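The values are calculated or read from the model by the stated rules, or taken from the named source; none is laboratory data. On a predicted model such as this, the values are computed, not experimentally measured, just so you know. Ideal geometry is used to build each Cβ from the backbone, glycine not excepted, and the neighbour counts take in all protein chains shown.
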Amino acid sequence: MAGLIPQAFIDDLIGKADIVEIIGSRVPLKKAGREYRACCPFHNEKTPSFWVSPVKQFYHCFGCGAHGTALGFLMNFDRLPFPEAVEELASRLGVEVPREETPGAAPLRTVDEDLYTLMGKAANFYREQLARDERARGYAARRGLDAQVIERFGIGYAPDAWNEVLKRFGASDASRQKLSDTGLIIAREKGDGWYDRFRDRLMFPIRDARGRVIAFGGRVLDQGEPKYLNSPETALFHKGRELYGLYEARQDRAPLRRLIIVEGYMDVVRLHQSGITHAVATLGTATTPEHLKRAFRVVSEVIFCFDGDRAGRAAAWRALQNALPEATAGRELKFLFLPEGEDPDTLVGKEGRAGFEARYADALPLSEYLVAHLAESIDIRHADGKARFVAEARPLLERMPAGPYRELLLERLAQAIGVSAERFLTIVGPVNAAADPRSSGSTRSAARPPARTAHSAGRGGLVRQAVQTLLHFPALATRIDDGDIAALDSLDEPGIEVLRELLAQLREHPAASTAQVLERWREHPLGERLAKLAMSESNTPDAEAATQELVNALRRLAQGAAMSELDALIEKEQRSGLEPAERERLRTLLRESRDPAR
């Protein structure tokens, strides 16, 4: 999107939201002490294991592990991407969502809400026309569409006329301009009027994450070109970001674990009708990185489905190249090729849901498809072919973010040409990885030499304790002395970077609740780990006791670091002697070890 939602606004939104009211409007909650409980809406259970904390503004299921804030609940229950969940929560609270410009992005455009209303009216008009037109209904029936799926997808019909939409909705200059702004009508070349864009076509409304109609796709009933006609780019519609059928997929209450991306509207509708409700399609364009970002906000597995012909394989290779920047740990990308001459629409009609889904077992993981595609046109039995294989693999590796996914792919490429991963790295040379879009950079160096840990017993527990205390009582960060925080700089314990970053963030931007903290860390690689820590109950009765607990943990950590440094200096003195500055530092540490209160 062109603009980012300011973090301060999200903090304020979480601070004003009542998670009990939001979840309670969808799930019957019962009071249980200081919290509320219910049967989990995310898995089947008879005994309630779903708890909502009004203090933390956080929910957690002890059965399936689902957890999150009010925004997280809207994303999981209503199947909304993050920006739309923010919009939904803001609308419940009666506030407008501000936007910040992102560097290099196109200027933000304010969308006229009347355009959404107009598109909704147009969709209703097309549905009415389908009900009245026998020929159009006959075509839908021949394509195997039943009444239920037609209603679910809001499928309609654009009459075989030049100005039906224009006559219905374009009575004034202002209304005609809105029709033009939404792509429903087109100005004549000589500037002497307008005409309807869609004529004699089966109409497929394209919806955004909130279910609002933002565009249409139209399919000719008989012969004609183009076979499919889409709405143009408008203030509402950007085809490189939208996935047809994603809204409908989210409406199914069954857990959405994967998406299968197909190529056509009819493919999606027929698959949904057969019970494969996780099918979506791109809109007349190749799969883009933005499509995949949107998909991976909802699921962790994506299967690309293509015809087995030459055009299908070419489209698959383009999809793979666009998918590489999104190939990170925890995500699965697969490629499924159908028999030549078949598409999902026809094949699911022959095989049914079970037969079609059984083909998922034949889907190639991204790594296998990439290797197979390269090896298909290169003879890797000799040195020249292996060198070319490596040369073609290198730019593909550079499109991927560093991490386990890329490392495993590198090993698979090495295996393909019969060398070790180390040898492959030597041949391919340094690879500049794409930035992981989910990572959050730290200002501290990752190359700090590890400190000695002769006295580190229990320090990992102390770091965890300090982080957990901050999650339960985030306002405490402003009470900690600068000296206690500065003492952490010399530590290199597991989790210490998180503790330092958490303290710095909360001192600069105080938070009032656990939920506010977790929303700030949503996109951080360690955000999920913090959420799990936040689930545990705090045994600290109040903020005063928590403050003392946090200060004690920080000071014990600092003392442990000092003892490690002391051990290192003593060892060096015995081994090779100390520099004058080191000797002075040793004296200071010895004095402090005898008098810890100094």
- Note on the structure: Of the candidates PHE424, PHE389, the one satisfying the condition of being aromatic (Phe, Trp, Tyr), modelled with pLDDT under 90 and assigned to a helix (DSSP H, G or I) is PHE424
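Return the only residue of ALA531, ALA486 being modelled with pLDDT under 75, in a helix (DSSP H, G or I) and of a type outside the set (Asp, Glu). Break it down into steps so the answer makes sense when it comes.
Numbers: ALA531 fails: modelled with pLDDT under 75.
ALA486 is the lone residue from the list that is modelled with pLDDT under 75, in a helix (DSSP H, G or I) and of a type outside the set (Asp, Glu).
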- Query: Which of (1) assigned to a helix (DSSP H, G or I); (2) modelled with pLDDT of 90 or more does LYS334 not meet, given it meets every other one?
  - Reply: (1)
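Given the options ARG353, ARG318, ARG313, name the one that is surrounded by 15 or more Cβ atoms within 10 Å (Cβ to Cβ), part of a helix (DSSP H, G or I), in contact (Cβ under 8 Å) with a residue 12 or more places away in the chain and in the same structural domain as GLN273 (by TED's automatic domain parsing). Let's see the steps before the verdict.
Numbers: ARG353 fails: surrounded by 15 or more Cβ atoms within 10 Å (Cβ to Cβ); ARG318 fails: surrounded by 15 or more Cβ atoms within 10 Å (Cβ to Cβ).
Result: ARG313 is the single residue among ARG353, ARG318, ARG313 that is surrounded by 15 or more Cβ atoms within 10 Å (Cβ to Cβ), part of a helix (DSSP H, G or I), in contact (Cβ under 8 Å) with a residue 12 or more places away in the chain and in the same structural domain as GLN273 (by TED's automatic domain parsing).
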- Message: Any residue at all in the stretch 151-160 that's within 20 Å of MET266 (Cα to Cα), surrounded by fewer than 19 Cβ atoms within 10 Å (Cβ to Cβ), in contact with an Asp or Glu (Cβ under 7 Å, 6 or more places away or on another chain) and at pLDDT 95 or above?
- Response: yes
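If you check ALA215, ALA209, which single one turns out to be in the same structural domain as MET119 (by TED's automatic domain parsing), part of a loop (DSSP other than H, G, I, E, B) and small (Gly, Ala, Ser)?
Details: ALA215 fails: part of a loop (DSSP other than H, G, I, E, B).
Of ALA215, ALA209, the one residue that is in the same structural domain as MET119 (by TED's automatic domain parsing), part of a loop (DSSP other than H, G, I, E, B) and small (Gly, Ala, Ser) is ALA209.
Taking the conditions exactly as written (in a helix (DSSP H, G or I) and either of a type in the set (A, V, I, L, M, F, W, C) or surrounded by fewer than 18 Cβ atoms within 10 Å (Cβ to Cβ) (or both)), does LEU13 satisfy them or not?
Numbers: in a helix (DSSP H, G or I): yes; either of a type in the set (A, V, I, L, M, F, W, C) or surrounded by fewer than 18 Cβ atoms within 10 Å (Cβ to Cβ) (or both): yes.
So LEU13 passes the test.
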- Message: Return the pair list, or none, for Cβ contacts closer than 9 Å from residues in the stretch 120-139 that are among the aromatic types (Phe, Trp, Tyr) to residues that are assigned to a loop (DSSP other than H, G, I, E, B) and at pLDDT below 95, at least 6 apart or on different chains.
- Response: TYR139/LEU221; TYR139/ASP222
- Task: Run PHE296 past the list (1) among the aromatic types (Phe, Trp, Tyr); (2) in contact with a helix residue (DSSP H, G or I) (Cβ under 8 Å, 6 or more places away or on another chain); (3) at pLDDT 90 or above and report the number of the one that doesn't hold.
- Result: (3)
- If we keep just the residues of the stretch 199-218 that are without any contact (Cβ under 8 Å) to a residue 60 or more places away in the chain and surrounded by 20 or more Cβ atoms within 10 Å (Cβ to Cβ), which is nearest to the chain's Cα centre (by Cα)? ARG207
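Among PRO48, PRO41, which is the only one that is in a loop (DSSP other than H, G, I, E, B), over 23 Å from the mean Cα position of the chain (by Cα) and surrounded by 14 or more Cβ atoms within 10 Å (Cβ to Cβ)?
Numbers: PRO41 fails: over 23 Å from the mean Cα position of the chain (by Cα).
Of the residues listed, the single one that is in a loop (DSSP other than H, G, I, E, B), over 23 Å from the mean Cα position of the chain (by Cα) and surrounded by 14 or more Cβ atoms within 10 Å (Cβ to Cβ) is PRO48.
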